[in-house]
Amino acid sequence: MYEQRGVSFYFIEPRRPGILEWLLLAVAGGIFRRLVPDQTLICYRVNSRWIRRLVASTAGLLLPFRSVYRILDRRIRCLRNDRAVRQFFDEAPCDLLVAGTPGWKYPELPFIREAIQRGIPTLCQILSWDNLSMKGPFGITPDRIMVWNRHMKRLAVEHFYLRPEQVFVTGAPQFDIYHRSLPNKPAAKYDISVKCGINPEKYQRVLMIAGIPTVLAPFQGALVREITTLARAGTWGKGVAVVFRPHPQSTLEEYDLPDTEALFVNDPHEYIEDSKADIASRWRFSSSALSELAQSLRGADVVITVASSMTLDSAAVGTPVVNVAYDPGGQFPGELLESYYRSSHYRFITDSGVVPIARSTPELIEAITTALDEPDAMASRQKSLTEEICGPFTANAAERQADIILEMLKSNR
């Protein structure tokens with residue numbers, strides 16, 4: 001599509017921040033979180049070293065002023081980039097820089113900064129519905145951003161100092177595939193049975209537990225054990241298999257799963273690059289990976305997860321979903337787990353009332369029972385979530401984003 005319109009692409013090599021820039025980013029992040037109460041602290045539990053948390057929390061306590069944040073922001077924008085970044089722009093003609101994030105993934109930040117310093121327009125995606133709620137400030141503010149829905153646009157304007165005309169609402173491109181090639185239920189169930197080694201004559205129904213990073217919910221192994229024990233005891237009748245799907249950012253060993261009958265694993269290993277040291281970048285985000293995910297979720301009778309975006313994925317493919325808000329072992333802080341469900345992005349699900357949130361074993365049993373007994377009714381109610389959260393451009397969000405890129409290129413000629 002782009003090639004037919006004379007558009008060329010260049011790919012960049014990753015960079016790392018220097019000590020001064022790292023310090024400025026950490027301090028700015030701490031102040032921003034102090035200024036924006038809705039920001040959760042979840043990100044400090046994921047891929048964040050203790051020294052960064054210490055610097056950020058100290059700065060937030062000592063310098064909670066917007067004027068200081070703006071000074072830091074201007075300083076970050078004015079930093080000189082290294083020779084390789086400058087050389088890239090010297091050698092590659094660039095009319096528009098499009099980045100996956102506004103500097104949250106550091107390798108992009110110096111290229112966005114160099115483009116801004118050279119007067120080249122910049123456009124960034126906000127990749128997920130929770131990014132504006134938990135990732136802190138932009139590493140550097142681009143000229144335009146693309147978001148899923150109106151709520152995200154409001155957050156971008158109120159908290160990230162963008163003007164309304166700088167924010168495009170496009171929908172969620174990764175959800176397009178759910179509307180274009182959704183498999184039928186029997187075929188999807190057969191597919192997941194074959195993939196996971198489930199005997200369909202013995203197990204007619206499938207409970208899928210969709211994992212989140214273990215650092216966010218280290219009790220998931222205990223949850224799998226509890227649900228598997230309940231299934232084997234006949235709590236939901238005979239022929240119920242439990243399938244666990246690990247999160248791409250965590251290894252299967254981290255979950256400490258039980259070795260027991262009726263438990264199967266749906267491991268997306270073919271889309272994970274184990275050779276990479278950075279677990280956050282192991283997941284190969286591709287159309288084939290999304291097709292496999294859609295097929296797996298569609299093949300389940302119920303999906304169970306902990307405050308995860310998999311709630312949206314499950315609702316999008318028409319599979320009932322149940323959320324869990326308790327640790328079977330009672331070790332994980334209840335107030336922290338509850339904060340997941342009260343975060344500014346997840347409140348849409350929590351307050352909707354259409355997704356059961358189990359806060360005890362009896363509530364979990366009841367929620368799963370209802371989902372198995374009334375699958376169509378529950379799936380129909382939950383479908384509205386994708387329409388509200390994933391934006392208005394259902395099934396063509398990627399095309400909408402492509403149009404925006406082309407329009408920006410045209411206007412800058």
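The values are calculated or read from the model by the stated rules, or taken from the named source; none is laboratory data. Values in this document were obtained by computation on a predicted structure and should not be read as measured data. Neighbour counts run over all protein chains shown; Cβ positions are idealised from the backbone, glycine included. Side chains included, ligands, DNA and RNA excluded: accessible areas come from the protein's heavy atoms. Shrake-Rupley method; radii C 1.70, N 1.55, O 1.52, S 1.80 Å.
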Output the Cα-based Rg and Dmax of segment 300-344 in Å, rounding Rg to one decimal and Dmax to a whole number. 11.9, 34
Largest-first principal axis extents, alpha carbons of segment 67-141, Å: 37, 28, 18
Angle between the chain longest axis and helix 287-299 axis [Cα atoms, degrees, rounded to 10]: 30 degrees
Divide by every residue of the chain the summed helix terms, -39500 (n - 2.57) for each DSSP H run of at least 4, and state the resulting mean residue ellipticity at 222 nm, rounded to the nearest 500 deg cm²/dmol. -13500 deg cm²/dmol
Debye calc, one equal point scatterer per Cα of segment 284-413, no solvent, log10 I(q)/I(0) at q = 0.12, 0.13, 0.16 1/Å comes to -0.55, -0.63, -0.87
Could you state the angle between the C-alpha long axis of helix 185-196 and the longest principal axis of the C-alpha atoms of the chain, as a value from 0 to 90 degrees rounded to the nearest 10? 90 degrees
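Find the Cα radius of gyration of the chain, compare it with 2.2 N^0.38 Å by division, and give the number to two decimals.
1.03
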For a 28 Å ceiling on Cα separation, which of these pairs sit above it: LYS189/LYS383; LYS105/LYS153; LYS105/LYS195; LYS105/LYS189? LYS105/LYS195; LYS105/LYS189
Starting with the highest mean, order 167-177, 194-204, 92-102 by the number of other Cβ atoms within 10 Å, averaged over the residues of each peptide. 167-177, 92-102, 194-204
When N counts the residues of segment 58-216, how does its alpha-carbon radius of gyration compare numerically with 2.2 N^0.38 Å, as a ratio? 1.44
What whole number of Å gives the distance from the Cα centroid of segment 152-173 to the Cα centroid of segment 91-128? 17 Å
Express the carbon and sulfur contribution to the solvent-accessible surface of segment 115-263 as a percent, rounded to the nearest whole number, probe 1.4 angstrom. 51 percent
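Sort 362-375, 235-248, 58-71 by packing, meaning the average of other beta carbons within 10 Å per residue, with the highest value first. Before the final figure, lay out each step's value.
Values: 362-375: 16.9, 235-248: 20.6, 58-71: 14.6.
Peptide ranking by packing, descending: 235-248, 362-375, 58-71.
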Solvent-accessible area per residue for the chain at a 1.4 Å probe radius, Å²? 47 Å²
Got a sec? Charge dipole of segment 342-413, +1 on Cβ for Lys and Arg, -1 for Asp and Glu; which of PHE348, ALA371, LEU406 is way out at the positive end? LEU406
